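J.: Please find one structure pasted underneath; my questions will follow.
Please treat every number below as a calculation from the coordinates, not as lab data. No experiment lies behind these values; they were computed from the predicted model shown. A quick note on method: Cβ atoms are made from the backbone with ideal geometry, for glycine too, and the neighbour counts reach across all protein chains shown.
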């Protein structure tokens, strides 16, 4: 089971449905929308492991959306799906927006799933696990300090 959902943003209902069915079949939880505002609102409310966005959207492009996700400090991996992958889009995606993968349309199911699996694993190993480790270390330090405080109290009894 994957504890963090995947966000899917695509204004094409057919593609959105295909992505949902693919993720559902693999046991991923997800939030899918065709509206950028709804996607941004969901990002405010939850932590997503992977954000998948189509490039050709309105009122902003997928890269503009993913750039905004990055600039807001959202800790997730980002995948761009596009029917027209130009050199300019590719370079901006990788160098500026730090997209994890760029997938051309049409994609094969195996390539899509491999990219999502790798993106999800990257999120777990490089973002979620280190955060959990830091939280455990902090809790451990609090327990050490509380234990020391209780020992001091016992010696004064």
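J.: Based on other C-beta atoms within 10 Å, arrange 102, 76 from fewest to most.
T.: Working: 102 20, 76 24.
Ordered by Cβ neighbours within 10 Å, fewest first: 102, 76.
J.: For the residues 105, 74, what sequence is obtained by ranking on other C-beta atoms within 10 Å, fewest first?
T.: Working: 105 14, 74 17.
Least crowded to most crowded, the residues run 105, 74.
J.: Using just the helices of the chain, give the 222 nm mean residue ellipticity in deg cm²/dmol: DSSP H runs with n ≥ 4 each add -39,500 (n - 2.57), and the total is spread over all residues, rounded to 500. Intermediate values should be presented prior to the final figure.
T.: Numbers: 6 runs with 80 residues, N = 157.
Theoretical 222 nm ellipticity from helices: -16000 deg cm²/dmol.
J.: Still on this structure, I have one more. Just the Cα atoms of the chain: what Rg and Dmax do they give in Å?
T.: Spelled out, the Cα radius of gyration and Dmax of the chain are 20.1, 76 Å.
J.: Just want the ordering: 56, 78, 109, 67, from fewest to most Cβ atoms lying within 10 Å of their own Cβ. Working shown, then result.
T.: Values: 56 14, 78 26, 109 11, 67 19.
Arranged by neighbour count, lowest to highest, 56, 78, 109, 67 become 109, 56, 67, 78.
J.: Next question. If you line up the long axis of helix 13-25 against the longest principal axis of the chain, both from Cα atoms, how many degrees apart are they, to the nearest 10?
T.: Once rounded, one gets 40 degrees.
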